[in-house]
1. With everything on Cα atoms, drop me the angle between helix 45-62 and the longest principal axis of the chain, reported from 0 to 90° to the nearest 10.
2. Quick one: 182, 134, fewest Cβ neighbours within 10 Å first, how do they rank?
3. At 1.002 mPa s and 20 °C, plugging the Kirkwood radius over alpha-carbon pairs of the stretch 32-83 into Stokes-Einstein gives what diffusion coefficient in µm²/s?
4. What are the extents of the Cα atoms of the stretch 1-61 along their three principal axes, listed from largest to smallest and rounded to whole Å?
5. Could you let me know the centre-to-centre spacing of the stretch 133-147 and the stretch 97-120, using Cα atoms, in angstrom?
6. Starting at 0 and stepping by 10 Å, how many percent of the alpha carbon pairs of the stretch 124-180 end up in each bin?
7. Can you put 80, 28 in order of Cβ neighbours within 10 angstrom, beginning with the fewest?
8. Would you mind ranking 161, 91 so that the residue whose beta carbon has the fewest other beta carbons within 10 Å leads the list?
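Only the coordinates and a few stated rules stand behind these numbers; no lab work does. This one's a predicted model, so the numbers in the text were calculated from it and none came from an experiment. Here the Cβ is made from the backbone with ideal geometry for all residues, glycine too, and neighbour counts use every protein chain on show.
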Amino acid sequence: MNATDLSADVGLVAVGIVTANLLVGCLMAMRYSPWRCWPHRRFDIFRLHRWTGYGSLAVVILHPVPLLFSTTHFRIADIMYPVHSPSQPIENSVGAVALYCVVVVVVTSYFRLWLGRRIWKAFHYLIYLAGIAIFWHSIFTDPTLKHTPVDPFDGEKVFIEACCVLIVAVGVLRWRYAMRKITIPTRTIEISEKAA
C-alpha cells in the first residue's frame with residue numbers, strides 16, 4: 001500500500017463517518033427517540049452525533065496527509081489551498097471546501113451555547129454543503145491520481161454512491177418533516193379562526 005492508497009482508504013472511512021453523522025443529525029432533527037422507536041432502549045443519540053462529528057473532523061483532516069508522502073509531490077500549501085495542486089486541482093479544491101465546512105460546523109458546535117441557537121444553527125447548516133462537497137469530491141476524484149476516467153461501478157465508488165443516495169433519501173424525509181411542522185401550526189390557526 002502506498003501513500004495514495006492510504007489517502008483513498010482514509011477518504012472512504014471519512015465518507016462513512018460523515019454519512020453516519022448526517023443520518024444521526026437528521027434523526028435528531030425529526031425528533032427520533034430510540035426509547036419510543038427501535039431499538040426501544042435508552043440511548044444517548046446526542047452523544048453519538050457529537051462523537052461521529054468529532055470522528056468526521058479527525059478523519060477528514062487526516063485524509064490528505066498521506067499525500068505529502070506520495071509520488072505526486074503534494075506540498076502542505078497544495079493541501080490547504082489545492083487550486084494549484086499537482087493533480088486534479090478542481091476535485092481537490094471541492095474536497096478542501098468540504099474540509100473547511102466540517103471544521104466550521106464542529107468548532108461552532110463546540111461553542112453552541114455561547115453563540116446562541118440561531119447563530120449556531122445557521123453555521124450548522126453548512127454540513128449540507130460539506131456533504132455535497134464530500135460526495136462530489138469522492139465520486140469524481142481518481143483515487144490513484146492518474147487522471148483516469150471515473151468508473152461508477154468500482155467498489156469504492158459504489159459505496160460512496162450508496163451513502164449519497166441514503167443521505168439524499170433521509171434528507172428528503174427530513175425536509176418533508178420540516179414542511180409538515182411548518183404547515184401544522186398554520187392549519188391550527190385557520191381552524192381556530194373558523195371556529196370563532
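1. Taking Cα atoms only, the helix is inclined about 20 degrees.
2. Details: 182 9, 134 31.
In order of increasing Cβ crowding within 10 Å: 182, 134.
3. Working: Rh = 13.9 Å.
My calculation gives 154 µm²/s for D.
4. Each principal axis gives a Cα extent; for the stretch 1-61 these are 47, 17, 16 Å.
5. The stretch 133-147 and the stretch 97-120 have Cα centres spaced 26 Å from each other.
6. Values per bin, smallest distances first: 21, 44, 24, 9, 2.
7. Values: 80 11, 28 15.
Starting with the residue having the fewest Cβ neighbours, the order is 80, 28.
8. Values: 161 16, 91 20.
Listed from fewest to most nearby Cβ atoms, that is 161, 91.
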